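Heads up, the thing below is written out as C-alpha cells.
The values are calculated or read from the model by the stated rules, or taken from the named source; none is laboratory data. Owing to the predicted nature of the structure, the values given are computational and were not obtained by experimental measurement. As a convention, Cβ positions derive from the backbone with ideal geometry for all residues, glycine included, and neighbour counts pool all protein chains shown.
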Amino acid sequence: MRASSPSNLITRMVAMSAQPDETDVAEDTRPATRVQRVVWAAQANQLRGALPVRLVHEIECAVVADLDSMELPEVFFTSVEIGGRVVTCDLDASGTASIFGMIEAGEYDELVEEAGDDALFGVDWDGVYITPARTRH
C-alpha cells in the first residue's frame, strides 16, 4: 500500500492525530521554515557510515527538498522515499532537519500495513516506531 506521496500522507496523519478537534486548533501563521542543516540521529548515523558518500548526499538533498516543499513552520514527522529506501525525518522551527532512520521501502510498507489506519508514527531513542498507542515525544 503506497500512496503517491507518502510524505504528505504521513504528515497529514500525524497532524490529524495530534489535533482531534479542528474547531479548537488555531491556524499556525508562523512563516515556513527552510532547512538550514541536516543532522543524523544515532541510529541513522550508524547506517550512514556504511553508505557511499554520494548516496548520503542524495538522501540529504531529497530530505531537504521534501521538507522545504511542505512550506510549514515545523514538520513533526515525515518519510521520504529515495532509492528503494524510506528515510524518516523531521524539521524543527530553527531549520534543523533530523534524519532518524532508514529502512527498505518494502519493509516500511509492511510495518504501515501491520499497524493499521489508526497507528501513530514516531521516533524513539532506538529510532522509528509505528504503534497504535504512542506519539513522537
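In this structure, does residue 124 turn out to be loosely packed, with under 13 Cβ neighbours inside 10 Å and at pLDDT below 90?
When the stated conditions are applied, residue 124 does not pass them.
Could you list, in sequence order, all residues of region 39-93 that are surrounded by 18 or more Cβ atoms within 10 Å (Cβ to Cβ) and of a type in the set (Ser, Thr, Tyr)?
Scanning region 39-93 gives 78, 79, 88.
Out of the residues in region 39-85 that are of a type in the set (Lys, Arg) and within 25 Å of residue 110 (Cα to Cα), state the one that is nearest to the chain's Cα centre (by Cα).
85
Taking region 101-115, which residues are among the small types (Gly, Ala, Ser), farther than 21 Å from residue 51 by Cβ and either modelled with pLDDT of 80 or more or out of contact with any Pro (no Cβ under 7 Å at 6 or more places or on another chain) (or both)?
Listed by number, the list is empty, since nothing qualifies.
Inspect region 84-91 for any residue being of a type in the set (Lys, Arg) and at pLDDT below 95 and give the result as yes or no.
Looking through region 84-91, at least one residue is of a type in the set (Lys, Arg) and at pLDDT below 95.
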